Amino acid sequence: MIQQLIKSSIIVVVLIAIQLTLIPLVSIKGIIPDLIVIYVVIFSLRNGQLKGPFFGFLVGLFFDLFSGGLLGSAMFAKTLAGFIAGYFYKEDDEEDIFSNSVLFTSIIFTSALIDSFFYAFLGSAEVELNLLGLIFTNGIFPAIYTAMIGLAYSLLVRKK
Amino acid sequence: MELFLRKLFNKLKEYIVLAILLLISLILLPQNKNTEVKKIKSYAFATFALITNAASSIGDIFESSDELEEQRKINAELMLKLNRIREYALENKKLKELLGYKEETDSKLFPTTVVAKSFSNIQGNYIINAGKSDSVYKSMPVVTNDGLVGIVTDATENFSLVRTLHNTSFRISGTIQRSNIDGIIFWDGQNLVMHNIPTTTDIDKGDRVVTSVLSSILPPSIPVGLVVKKESNISGILSNVIIKPFVDVLTVRNVFVMQEIKSKQIDSLELNLLKD
């Protein structure tokens, strides 16, 4: 258990570092994929709806602290992402989800959509945002990009 | 009763845990302005910046030499001088006899690199590898040779946090350079907007927008962007001016910190007021 926690923490720190340094290099019109939410989804699919949100909460805390963002916004968003992904947890057949590319990509898309929407929504409390703009620019487009990366991961797992 | 509650908890434990975690997150949101929270955040991002600094150096493989850095610095200095000259020309036309009333200040530019980007249209922040040890402090403007990028909001010994134009908490006082109209500029999640400007004011598409002399944080005349649109609100009395920033905030990597916080003139005025 402790070993798994240490391993996950190291992976999270590395992923946040990549997210803040290298991922901006692959942006398309200001839209980037979210590697961290993919990892939260994978964790939740392996550990369920109780541990998933808790893990998302901790990852969000790290992200808020390390990125200098609004403390609480990524925590909220990633907790929800972990909860949604945890819903699809199957104790006896977890690998089945990873090899089912369509299902896995859909879960990533849904979780990423909720994550990016709430992250943007909570971070924009000081201004009135166009809700449609918020959903598309800060919700659907980043979620699609993230889902594409998720799909690549799923295909890689299936190949193995 | 106890058994019932236990059963209920077992049935709903996922939802209870979720509610608690979400509640904690929401409670933390208003605490961001708390001094203790700010200290923790400063310490965290400065520690993490050591890692991102190393990671971002991977991108340096294809990057510049010292010579290029020097050229960029000269470019940025020229940009600031050119903008000041442009402003003087406009002033000269209107107020010839008052020439020279304003104090001349040469900003010192400190070249630095972005080591981490929080790539968001809402919470755009950068971490740069310059801090208090390089005489970089809170409220200093960050520019490129094209114009304003953001403001230093937190500085540790070796790293600083920059709030970019793509941050909804970003607010500056700006001026339409041609017609001298002042207003508050902010990021609305999609555009840079100068808010609530009277519709009758003289603003045209293509007008240059610079930082205002009214700003208590930024020095005046730093280029911000060009007016691309003027949108009237429902009543038609007030308009929002949409500005296209000169700097592409998303791709910027090498920046300069203007090591200037407030004008000496303002400082001396404030000191004089205190004496009285």
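Values quoted throughout were computed directly from the atomic coordinates according to the rules given, and no laboratory measurement underlies them. Predicted model, so just to flag it, every value in this text is computed and none were measured. Cβ sites come from the backbone with ideal geometry, for glycine too, and all protein chains shown count toward neighbours.
Only the Cβ atoms of Lys and Arg (+1) and of Asp and Glu (-1) were treated as charged; on that basis the dipole of the range B:67-209 about its Cα centre amounts to roughly 200 debye. For chain B, relative contact order (Cα pairs under 8 Å, six or more residues apart, normalised by length) works out to 17 percent. Partner shielding of B:39-50 amounts to 4, given as the average count of beta-carbon atoms from other chains within 10 Å of each residue beta-carbon.
Values of log10 I(q)/I(0) for the range B:73-226 across q = 0.13, 0.14 Å⁻¹ run -0.63, -0.73, by the Debye formula with one identical scatterer at each alpha carbon and no solvent. Toward the positive end of the charge dipole of the range B:131-184, about the Cα centre and with charges on Cβ (Lys, Arg +1; Asp, Glu -1), which of B:F170, B:T153, B:V143 goes farthest? My answer, from the dipole projection, is B:F170.
Summing charges over all other residues whose Cβ lies under 9 Å from the Cβ of A:D115, with Lys and Arg as +1 and Asp and Glu as -1, gives 0. Relative to the longest principal axis of the Cα atoms of chain A, the long axis of helix A:73-86 lies at roughly 30 degrees. Here the spin labels are modelled as points 7 Å beyond Cα on the Cα-Cβ line, and at B:L226 and B:I184 they lie 2.8 nm apart. Screening chain B for whole DSSP H helices of 24 Å or more along their axis (Cα) with average Kyte-Doolittle hydropathy at least -1.0 returns B:2-28, B:35-56.
Sum up the charges of everything whose Cβ sits under 14 Å from the Cβ of B:K13, counting Lys and Arg as +1 and Asp and Glu as -1, but leave B:K13 out. Residues near B:K13 contribute +3 overall.
For the peptide A:112-124, the mean number of other protein chain Cβ atoms found within 10 angstrom of a residue's Cβ is 3. When A:S73, A:S154, A:S101 are sorted by how many other C-beta atoms sit within 10 angstrom of their C-beta, beginning with the fewest, the order is A:S101, A:S154, A:S73.
Averaged over the residues of B:229-236, the number of partner chain Cβ atoms lying within 10 Å of the residue Cβ comes to 0. In this label model, B:L23 and A:I11 are separated by 3.1 nm, measuring between points 7 Å along each Cα→Cβ vector. Other residues whose C-beta falls under 11 angstrom from the C-beta of B:S179 contribute a net charge of -1, scoring Lys and Arg +1 and Asp and Glu -1. Using the Cβ-Cβ distance between B:L3 and B:L50 with R0 set to 51 Å, the FRET efficiency works out to roughly 0.45.
Fewest-first ordering of A:F62, A:F43 by other beta carbons within 10 Å of each residue's beta carbon gives A:F62, A:F43.
This ranking places A:V26, B:V162 by how few other beta-carbon atoms lie within 10 Å of each, fewest first, which gives A:V26, B:V162. Once the Cα atoms are used to define both axes, helix A:101-123 deviates from the longest principal axis of chain A by about 30 degrees. Using a cut-off of 24 Å between Cα atoms, the listed pairs B:K41/B:K108; B:K108/B:K205; B:K73/B:K229; B:K73/B:K230; A:K78/B:K132; B:K41/B:K117 include B:K41/B:K108; B:K108/B:K205; B:K73/B:K229; B:K73/B:K230; A:K78/B:K132 as exceeding that distance.
Evaluated over the Cα positions of the protein assembly as shown, the convex hull gives a direction-averaged projected area, one quarter of its surface, of 27.9 nm².
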